[in-house]
Amino acid sequence: MPATMAAPLARVRRRTLRLCETARRLTPAAQRARTDECLAAVLGTERLDAEDAFGRSALNSDGTPLQLCLTARPGGQALRYLGDPCAHLSGAARIDAARQAMGTAMRTAGAEGLRPSAEALLARVLPQDRAVRDTFRDGALWLGLAAERPGLALYVEAARTDWDIAGAWLADLLPDAGPAHQAIAGLRPHCAPASYGLEGLDAGKGRAKIYFRLTAPQDVHALGLAPLASPAMLDVLAIAMAGRGVDLDGLVMSMGFDLATGALVDCKADLCGHCLDHTLEDWQRIVTSCCARLGIPPVDVAPLLDGGETRIAFLGCGVSAEGAARLNLYLQPSPDARPNAPESLRAAAEDAVAYLLAQQREDGHWQDYELPVGASDQWITGYLGMSLAEAADRLHLPAARAAAERAADWLCRDRPYAAGWGYNASTGPDSDSTAMVLTLLHRLDRPCAEADTGFLAARWPEGASGISTYDGSDAWAQAHWDVTPYAYAALPAAARAARADGFRRGLADNLQPDGTWRAYWWRSPLYGTLLTREVLDALGEPPPEALPRRLSLGAETTLDLACAVGIAHLHGTEAADLAGALAALLRRQLPDGGFPGGADLRVTDQACTAPWDAPDGQYFTDIAGSFTTATALRVLARLWQDRAGAAASAGVAA
């Protein structure tokens with residue numbers, strides 16, 4: 001079991017706060033206090049800067065618990081705020097807290113008259129068994145408010161895709177459920193309910209909604225709902241898709257019924273903006289065309305997307321039973337916004353730390369990879385520990401340092417070898433694992449035993465141009481450059497001075513024309529090149545003059561990409577030139593904070609002496625992505641420290 005379960009919420013927090021700023025900017029100054037009140041209400045918090053305002057949500061594809069919805073009609077535009085309340089909690093506790101938040105939101109919105117209907121909805125569609133509610137880890141209900149008018153929206157996830165539940169709810173709720181039952185009969189063969197909604201002030205002024213998706217491709221005319229098949233609706237969907245398709249999950253439809261009469265009020269169709277993947281220019285053209293088709297004043301998309309800070313999560317078209325149409329644009333934060341900004345880098349790094357902490361075992365070690373000799377524990381723990389120790393120093397994160405300390409405790413306790421550390425307890429000690437552990441101890445200001453530093457020195461005879469990974473007479477006992485830099489830095493000063501000429505000779509001999517260094521144990525030279533540049537920087541040694549002025553580094557895996565970003569930064573690449581690769585790296589970060597592993601590690605054949613010319617060996621993946629995540633973390637932490645320092649210096653200069 002992991003020793004620490006830190007939630008990876010730094011990116012979620014940053015993006016949510018950024019979207020709150022967008023909401024304020026789109027609101028007249030006189031209404032901004034009211035906007036903040038509404039935003040706090042839908043998020044289920046008293047203050048927007050409070051920790052309980054943030055948590056992972058299924059509301060958006062990036063996990064943020066907030067959306068903005070701009071509705072455009074012939075008579076004007078209005079902005080609503082949609083939130084997943086109490087997202088810092090999980091399961092039944094989250095549902096309980098969200099119900100309390102719903103009451104607060106009703107008071108904020110002047111919609112307390114809607115409470116009996118809301119409670120009846122929750123009782124009907126949510127499971128009563130608390131153990132079942134605990135399975136709703138990402139919440140079950142969302143809230144919607146508008147700053148400039150009263151009324152509340154409540155949306156509840158369908159625990160089961162069962163039309164009978166929908167029919168029973170509407171039969172209890174509506175004075176005449178006939179139109180609803182007729183609509184359900186037409187949808188039942190083709191669609192499944194996705195969620196339920198209530199919108200309005202009270203039982204006399206509001207509507208009940210059912211959201212649904214197709215279960216198989218189907219012409220909307222077959223669904224039996226005239227507004228969905230209206231020319232306006234079909235034209236808007238065709239304009240928005242612009243010749244592209246979406247899968248069944250990318251189209252969400254709904255129907256609404258008047259709470260006072262039971263009559264069908266309207267239908268709506270929402271298209272997933274992420275699935276369509278239009279550019280800003282495409283969206284402006286599409287929205288302008290949709291507005292023209294619906295007779296709506298044009299909507300300027302540029303202020304909504306805020307220079308790339310936000311993106312369109314869904315585009316929706318609603319058509320009433322009388323034929324009146326509206327256009328909805330749902331906004332979520334854009335994960336690609338400002339990759340060079342220090343706050344973006346720090347949020348990504350903090351989430352990477354949280355992921356690694358969640359993977360750490362209670363006794364302090366990690367495990368990853370699965371070679372014929374088993375999983376690694378010593379080597380991987382040394383590498384992850386030293387990466388966390390470096391990140392702790394650069395980012396000032398006590399939790400990362402504490403995890404590195406636990407790793408060092410484990411590595412120094414109950415050791416299987418008299419000197420040095422290895423891939424695991426069955427492989428024997430090696431120079432790479434030992435160098436990583438000694439680097440960890442150095443960074444924690446812990447003493448290094450002479451037996452361990454002597455183990456490294458013994459594998460690097462004076463005069464040699466690098467260190468061997470293992471003893472023996474085969475190629476595994478030759479000097480390996482991708483092991484050499486960290487081993488060199490881990491040696492005591494006197495031993496390092498004695499090998500300085502050999503190190504510089506190896507530095508020159510292993511340098512390739514593209515600015516990378518040869519790799520023995522890795523599919524790509526980028527990882528070893530990153531280690532080389534890190535060590536040169538740490539020791540204050542200049543890189544070889546033979547390095548090309550500009551680097552062009554291809555990256556196949558996420559580890560490659562992280563290394564390429566780190567190498568380019570250490571090479572002095574300008575931030576603007578690095579932005580594309582950095583944005584690509586940040587896009588690969590997973591919701592849990594980790595980065596996906598890849599088949600980068602090569603167990604090179606013991607007879608292969610030059611795998612950079614003729615590779616021979618088997619490739620292995622860090623299954624948990626821990627090695628890749630630790631590497632990306634070091635790169636992000638360095639970038640953050642350098643960018644934050646530059647920003648601070650610029651502020652002082654200004």
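The values are calculated or read from the model by the stated rules, or taken from the named source; none is laboratory data. Everything numeric in this text was worked out from a predicted model, so none of it was measured. Neighbour counts run over all protein chains shown; Cβ positions are idealised from the backbone, glycine included. Accessible surface areas use protein heavy atoms only, side chains included; no ligands, DNA or RNA. Shrake-Rupley method; radii C 1.70, N 1.55, O 1.52, S 1.80 Å.
Which one of 644, 489, 122 is farthest out on the positive end of the charge dipole of the chain, using unit charges on Cβ (Lys, Arg +1; Asp, Glu -1) and the Cα centre as origin? Value computed over the given set: 122. Subtracting the Cα-Cα distance of residue 205 and residue 34 from their residue separation scaled by 0.36 nm leaves 59.3 nm. Reported value for the range 127-216: 129 Å³ per residue, from the convex hull of its C-alpha atoms.
So if each residue of separation counts as 0.36 nm, and I subtract the Cα-Cα distance between residue 302 and residue 402, what length gain in nm does that give?
Details: separation 100, 0.36 × 100 = 36.00 nm, distance 4.50 nm.
That works out to 31.5 nm of additional length.
Can you list which of the trypsin sites (Lys or Arg not before Pro) found in the range 1-101 are DSSP loop residues with at most 12 other C-beta atoms within 10 Å? In loop regions of the range 1-101 (DSSP not H, G, I, E or B), the sparsely surrounded trypsin sites (Lys or Arg not before Pro) are 47.
Summarise the accessible area of the range 61-194 (1.4 Å probe, protein heavy atoms) by the percent that is carbon and sulfur.
On the way: 2620 of 5200 Å².
Of all accessible area on the range 61-194, carbon and sulfur atoms account for 50 percent.
Count Lys and Arg as plus one, Asp and Glu as minus one, and take only other residues whose Cβ is under 15 Å from that of residue 230; the net charge is then -1. What shape does the range 298-368 take by its C-alpha gyration tensor, where a ≥ b ≥ c are the square roots of the eigenvalues and a/c under 1.5 counts as rounded, a/b above b/c as prolate, and the rest as oblate? Oblate shape, in that a/c is at least 1.5 and b/c is the bigger or equal ratio.
Three principal axis extents describe the C-alpha atoms of the range 564-653; from largest down they are 58, 31, 18 Å. Please find the FRET efficiency linking residue 498 to residue 341, where r is the Cβ-Cβ separation and R0 is fixed at 56 Å, and quote it to the nearest 0.05. After rounding to 0.05, the efficiency reads 0.80.
Model label sites at residue 120 and residue 281, defined 7 Å from Cα along the beta-carbon direction, differ in position by 5.3 nm.
Relative to the compact globular guide of 2.2 N^0.38 Å, what is the alpha carbon radius of gyration of the range 381-479, as a ratio? Walk me through the numbers on the way to the answer.
Values: Rg = 14.3 Å, N = 99, 2.2 N^0.38 = 12.6 Å.
Ratio of Cα Rg to 2.2 N^0.38 Å: 1.13.
Where Lys and Arg each count +1 and Asp and Glu each count -1, what net charge lies around residue 30 among other residues with Cβ under 15 Å from its Cβ?
Working: positive: 24, 25, 32, 34, 149; negative: 36, 37, 148.
Summing Lys/Arg as +1 and Asp/Glu as -1 gives +2.
Relative contact order of the chain: 11 percent, from C-alpha pairs under 8 Å at least 6 residues apart in sequence.
Which trypsin sites (Lys or Arg not before Pro) from the range 389-483 combine a DSSP loop assignment with at most 13 other Cβ atoms within 10 Å? Could you put the intermediate results ahead of the total?
Details: sites: 394, 401, 406, 413, 443, 459; in loops: 413, 459.
Qualifying residues, ordered by number: 413.
Each label point was placed 7 Å from the Cα along the Cα-to-Cβ direction; for residue 248 and residue 161 their separation is 0.5 nm. Counting only Cα atoms, the size of the range 8-75 along its three principal axes is 42, 24, 17 Å, in decreasing order.
Here the range 288-330 was treated as a single set of alpha-carbon atoms; its pair distances binned every 5 Å from 0 give 5, 20, 26, 24, 14, 7, 3, 1 percent. Extents of the range 48-120, taken as max minus min of Cα coordinates on every principal axis and listed largest first, are 42, 33, 23 Å.
If the only charges are +1 at each Lys and Arg Cβ and -1 at each Asp and Glu Cβ, what is the size of the charge dipole of the range 71-168 around the Cα centre, to the nearest 20 debye?
On the way: 12 positive and 11 negative charges, 47 e Å.
About 220 debye.
For an R0 of 25 angstrom, estimate the FRET efficiency from the Cβ-Cβ distance between residue 363 and residue 393 and round to the nearest 0.05. Please list the in-between numbers first.
Values: r = 24 Å, r/R0 = 0.96.
Taking R0 as 25 Å, the efficiency between residue 363 and residue 393 is 0.55.
Each Lys and Arg Cβ is given +1 and each Asp and Glu Cβ -1; about its Cα centre, the chain then shows a dipole of about 1600 debye. Pairwise Cα separations in the range 202-265 fall into 5 Å bins from 0 onward with the following percentages, short to long: 3, 15, 21, 24, 16, 10, 7, 3, 0.
From the C-alpha coordinates alone, can you work out the Kirkwood hydrodynamic radius of the range 87-169, in Å?
Answer for the range 87-169: a Kirkwood hydrodynamic radius of 13.4 Å.
Note that the chain presents 39 Å² accessible area per residue, ligands and nucleic acids not counted, probe 1.4 Å.
Over the range 454-593, all Cα pairs binned in 10 Å intervals from 0 give whole-percent P(r) values of 11, 40, 31, 15, 3, listed from short to long. Per residue, the convex hull spanned by the alpha carbons of the range 333-379 comes to 127 Å³. Taking amide hydrogens as placed 1.01 Å from N in the peptide plane, the amide H of residue 311 sits under 5 Å from those of 332, 334, each at least 5 positions away in sequence or on another chain.
Quick one: compute the contact order of the range 270-394, relative version, from alpha carbon pairs under 8 angstrom and 6+ residues apart, as a percent.
Details: 115 pairs, mean separation 19.9, N = 125.
Reported as a whole number, the value is 16 percent.
Return one quarter of the surface area of the convex hull spanned by the alpha-carbon atoms of the chain, equal to its mean projected area, in nm².
Details: hull surface 128.9 nm².
Computing the convex hull of the Cα atoms and averaging its projections yields 32.2 nm².
Note on residue 599 and residue 260: the model spin-label points, each 7 Å out from Cα along the C-beta direction, lie 6.6 nm apart.
Split the accessible area of the range 402-466 by element, probe 1.4 Å, and carbon with sulfur accounts for 52%.
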